[in-house]
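These notes concern the structure reproduced below.
Nothing in this text is a laboratory measurement; each read-out follows from the coordinates by a stated rule. Model, not experiment: these values are computed from the prediction. No Cβ is skipped: glycine too gets one built from the backbone with ideal geometry, and neighbour counts run over all protein chains shown.
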Amino acid sequence: MKELINISSIDDIFPQYRNTPIGLLLEYHNLNRPMDSYDNAQLLIGMCMDNRKHLHIPDNFAYIIRSGGANLRYSEFKVSYAIAAGAVEHIALIGHNNCGMVNLAARKDIVINGLVERAGWEQSKAEEHFMQFAPLFEIGNEVDFVLSESQRLRLRYPKITIAPMLYKVEDNRLYLIRED
Ligand SMILES: [Zn+2]
């Protein structure tokens with residue numbers, strides 16, 4: 001298990017993120033920094049679609065892309081747009097514990113039966129859909145995924161600062177992940 005750093009003071013923020021939009025995100029959300037006012041987005045946040053998460057940040061502060069598991073592989077043009085047209089230079093990639101995109105195979109019957117019963121799909125179509133998409137959205141492990149996805153984005157957008165984080169649903173706080 002990679003080390004999660006509980007951000008409970010400004011000193012806990014890694015030096016490379018202090019005085020950047022990444023550090024500000026941690027200050028607003030974890031440290032109750034008073035809300036500043038913004039005319040333009042300062043960063044892009046990638047986070048899971050999960051309903052248990054809510055960020056405490058000022059209006060206009062961030063672009064947010066929500067996608068299962070904080071997986072941005074299929075949202076790349078939106079990332080490019082936020083950087084190119086929105087002029088953001090920082091990305092916070094926020095995974096969370098108890099994510100539904102971990103071990104999707106174990107939820108196969110729930111998903112297939114749910115599509116049949118709630119959405120009115122035929123069983124065979126629902127099975128095909130699950131088999132096609134579950135491997136694309138499976139993330140394996142929340143922390144490892146957010147680290148590997150950060151590495152992928154760093155290679156793709158080499159001038160952009162990308163910070164992997166974890167949101168714990170039990171305390172609603174953000175944790176930085178210590179990278180090797
Ligand atoms: Zn999730």
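Points worth noting:
- Whole-number percent relative contact order across the chain, with pairs defined as alpha carbons under 8 Å at least 6 apart: 27 percent
- Extension gain (nm, one decimal) between residue 133 and residue 8, 0.36 nm per residue minus Cα-Cα: 41.2 nm
- Restricting the GluC sites (Glu not before Pro) of the range 89-140 to loop positions (DSSP other than H, G, I, E, B) with no more than 16 neighbouring Cβ atoms within 10 Å leaves 89, 122, 138.
- Diffusion coefficient, µm² s⁻¹, Stokes-Einstein with Kirkwood Rh over alpha-carbon pairs of the range 28-103 at 37 °C and 0.692 mPa s: 248 µm²/s
- Taking all pairs of distinct alpha-carbon atoms in the range 1-133, Kirkwood radius in angstrom: 17.2 Å
- Net dipole in debye of the range 4-73 [+1 Lys, Arg Cβ; -1 Asp, Glu Cβ; about Cα centre; nearest 20]: 320 debye
- Per-residue 3J(HN,Hα) values for the range 138-145, derived from phi via the Karplus relation 6.51 cos²θ - 1.76 cosθ + 1.60 with θ = phi - 60°, read 4, 10, x, 8, 4, 6, 4, 5 Hz in sequence order (x marks Gly and Pro).
- Rounded to the nearest 20, the Cβ-based charge dipole of the chain about its Cα centre (Lys and Arg +1, Asp and Glu -1) stands at 220 debye.
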